[in-house]
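Asker: Below is a structure I'd like to ask you about.
The values are calculated or read from the model by the stated rules, or taken from the named source; none is laboratory data. Please read these numbers as outputs of a predicted model, since none were measured by experiment. Every residue, glycine among them, receives a Cβ derived from its backbone with ideal geometry; neighbour counts consider all protein chains shown.
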Amino acid sequence: MGDPSEKRTWTRFLPTQADDIAGVPFSSAHAGQSVLVTGAGGYIGSALVKAIAAAGPSRIVLLDSAEHNLFQIGQHLESAFGNVPCVAVLGSVDDPHLLDDIFTRFRPEVIYHAAAFKHVPLLERNPIAAVRNNALGTHRLAQAALRHGTPRLALISTDKAVNPHSVMGASKRLAELTVIALSGPACRMNAIRLGNVIGSPGSVVPIFLRQIAERRAVTVTHADATRWFMSLHQAVSAILASGTADLEGRILVPELGAPTRIADLAKFLIGAAGEIPIVFTGCRPGDKLTEELVYKTETKEATMGALQVTRTCRLQPAELEEIMQRLGDSILSHDVPGLIRTLCSVVPEYMPSSLLR
């Protein structure tokens, strides 16, 4: 790592004022618009809200089920963007009555759907919650958008939705299939498939830095594990591009370059901290050694700036409705085996972990 250009590349993993999303492209398109952001208090959601607020929308509606996160982003908007009308709604995307109330009262013109459960090992032990929030919640939100004539919806997805080994990845793939199936000229829905966003709570960089600060061993799952990383600024730019794209029923994939070897990242972050060992703990249920950005069956149609426009398989709305009914029945009866069978039938590439098999 002695090459100066390589050092510049690695410095993107160092702690910064990651909140700085000033000058994010595409945010100006939301001037004068009513915008709904789900998961508005999360790491990505709150950065997205700040970028949109800077454009001067007519209103921002913040939906989040985490009270503290919602309170914090509401307080920030009040102090930093007091001229922007802001409505904080405490609730979940899987509540159809709440969604109807939001859409009736505030008539959003664009929706950014950032609400999701994301922690892979935790969700392997809580598959009902993963599917209810990530898949059924997306379906109910997309249905509400159609009922109320919302012109645009952008789903924030993940590379873990490609050939998933985790229930989290499979649930996000179902979310992708939902917006693709329900998209049309009346409500243009697209998905943006992100890599790991540097600094996101619970991700490897904050965990490694905390372990180093506490002089504890840095834990890495596997010596050969790799991941794609992107900055918060990159992520917000890509999301806003997907929300303003003149497309429908597509998945947008950022150009992320080569993946990063996690063990090399750990060595870099340890740096001059001294003799701090790296301990390889083994892959956890749901973990993959390497992530992928596209399925082999997907087709690259075009490029849009730094984004690849991708066509994926498309379910019929009636087929999607039947799938969601089956998942809903499994959730109501707490039938985990039935839930996993349905996931496998809809996402045949899904390889359930030993914990769920």
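Asker: Which residue out of Leu247, Leu240 is aliphatic (A, V, I, L, M) and under 18 Å from the mean Cα position of the chain (by Cα)?
Answerer: Of Leu247, Leu240, the one residue that is aliphatic (A, V, I, L, M) and under 18 Å from the mean Cα position of the chain (by Cα) is Leu240.
Asker: Among the residues of the stretch 59-70, how many are surrounded by fewer than 23 Cβ atoms within 10 Å (Cβ to Cβ) and either touching a His at 6+ places or on another chain (Cβ under 7 Å) or in a helix (DSSP H, G or I) (or both)?
Answerer: Summing the residues that are surrounded by fewer than 23 Cβ atoms within 10 Å (Cβ to Cβ) and either touching a His at 6+ places or on another chain (Cβ under 7 Å) or in a helix (DSSP H, G or I) (or both) in the stretch 59-70 gives 3.
Asker: Let me ask something else about it. Looking only at the stretch 298-315, filter to residues that are part of a loop (DSSP other than H, G, I, E, B) and within 13 Å of Ile251 (Cα to Cα); which one of those is nearest to the chain's Cα centre (by Cα)?
Answerer: Selected residue: Thr312.
Asker: How many residues does the stretch 244-292 hold that are part of a helix (DSSP H, G or I) and under 23 Å from Met168 (Cα atoms)?
Answerer: So the answer is 1.
Asker: Just to be sure I understand, how many residues within the stretch 236-284 are over 20 Å from Leu307 (Cα atoms) and either surrounded by 20 or more Cβ atoms within 10 Å (Cβ to Cβ) or of a type outside the set (S, T, N, Q) (or both)?
Answerer: 23
Asker: OK, next. Suppose we filter Ala135, Ala129 for residues that are farther than 15 Å from Leu182 by Cα, among the aliphatic types (A, V, I, L, M) and assigned to a helix (DSSP H, G or I); which single one remains?
Answerer: Step by step, each of Ala135, Ala129 is checked, and only Ala129 is farther than 15 Å from Leu182 by Cα, among the aliphatic types (A, V, I, L, M) and assigned to a helix (DSSP H, G or I).
Asker: Kindly indicate which of Ile44, Ile60 is modelled with pLDDT of 95 or more and in contact with a Cys (Cβ under 9 Å, 6 or more places away or on another chain).
Answerer: Ile60
Asker: Quick check: is even one residue across the stretch 77-96 under 22 Å from Val179 (Cβ atoms) and either in a helix (DSSP H, G or I) or touching a Phe, Trp or Tyr at 6+ places or on another chain (Cβ under 6 Å) (or both)?
Answerer: Within the stretch 77-96, one or more residues are under 22 Å from Val179 (Cβ atoms) and either in a helix (DSSP H, G or I) or touching a Phe, Trp or Tyr at 6+ places or on another chain (Cβ under 6 Å) (or both).
Asker: In this structure, does Ala272 turn out to be hydrophobic (A, V, I, L, M, F, W, C) and free of Cβ contacts under 8 Å to residues at least 60 places away in the same chain?
Answerer: So Ala272 fits the description; yes.
Asker: Quick one: would you say Glu255 is in contact with a strand residue (DSSP E or B) (Cβ under 8 Å, 6 or more places away or on another chain), in contact (Cβ under 8 Å) with a residue 60 or more places away in the chain and acidic (Asp, Glu)?
Answerer: The answer is no for Glu255.
Asker: Related question: Identify, from the list Gly41, Gly56, Gly32, the residue that is in contact (Cβ under 8 Å) with a residue 24 or more places away in the chain, in contact with a Ser or Thr (Cβ under 6 Å, 6 or more places away or on another chain), not hydrophobic (A, V, I, L, M, F, W, C) and not in a helix (DSSP H, G or I).
Answerer: Result of the check over Gly41, Gly56, Gly32: Gly32.
Asker: Further, regarding this structure: Within the stretch 147-167, does at least one residue satisfy the condition of being surrounded by fewer than 24 Cβ atoms within 10 Å (Cβ to Cβ), over 26 Å from His68 (Cα atoms) and either at pLDDT below 95 or basic (Lys, Arg) (or both)?
Answerer: Checked against the condition, which is being surrounded by fewer than 24 Cβ atoms within 10 Å (Cβ to Cβ), over 26 Å from His68 (Cα atoms) and either at pLDDT below 95 or basic (Lys, Arg) (or both), the stretch 147-167 yields at least one hit.
Asker: Please return the ranges of strands (runs of 3 or more DSSP E) entirely within the stretch 139-238 where 2 or more residues are more than 24 Å from Pro254 (Cβ to Cβ).
Answerer: Once the strands (runs of 3 or more DSSP E) in the stretch 139-238 are filtered for at least 2 residues that are more than 24 Å from Pro254 (Cβ to Cβ), what remains is 218-220.
Asker: Can you tell me how many residues in the stretch 288-322 are in contact (Cβ under 8 Å) with a residue 60 or more places away in the chain and either more than 21 Å from Gly195 (Cβ to Cβ) or not β-branched (Val, Ile, Thr) (or both)?
Answerer: Number of matching residues: 18.
Asker: For the stretch 328-351, which positions are part of a helix (DSSP H, G or I), of a type outside the set (D, E, K, R) and over 21 Å from the mean Cα position of the chain (by Cα)?
Answerer: Answer for the stretch 328-351, where residues must be part of a helix (DSSP H, G or I), of a type outside the set (D, E, K, R) and over 21 Å from the mean Cα position of the chain (by Cα): Gly328, Ser330, Ile331, Leu332, Val336, Pro337, Gly338, Leu339, Ile340, Thr342, Cys344, Ser345.
Asker: Tell me which residues, restricted to the stretch 197-233, are within 29 Å of Val309 (Cβ to Cβ) and touching a residue at least 60 places away in the same chain (Cβ under 8 Å).
Answerer: Result: Val197, Ile198, Gly199, Ser200, Thr226, Arg227, Trp228, Phe229, Ser231, Leu232, His233.
Asker: Still on this structure, please answer the following. Would you pick out the residues in the stretch 303-329 that are small (Gly, Ala, Ser) and either under 13 Å from Thr178 (Cβ atoms) or modelled with pLDDT of 95 or more (or both)?
Answerer: Residues satisfying the conditions are Ala318, Gly328.
A quick yes/no check of all residues on (1) under 16 Å from Leu174 (Cα atoms); (2) surrounded by 17 or more Cβ atoms within 10 Å (Cβ to Cβ):
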| residue | (1), (2) |
| --- | --- |
| Gly305 | no, no |
| Gln308 | no, yes |
| Pro317 | yes, no |
| Ile323 | yes, yes |
| Leu332 | no, no |
| Leu339 | yes, yes |
| Val346 | yes, yes |
| Leu355 | no, no |
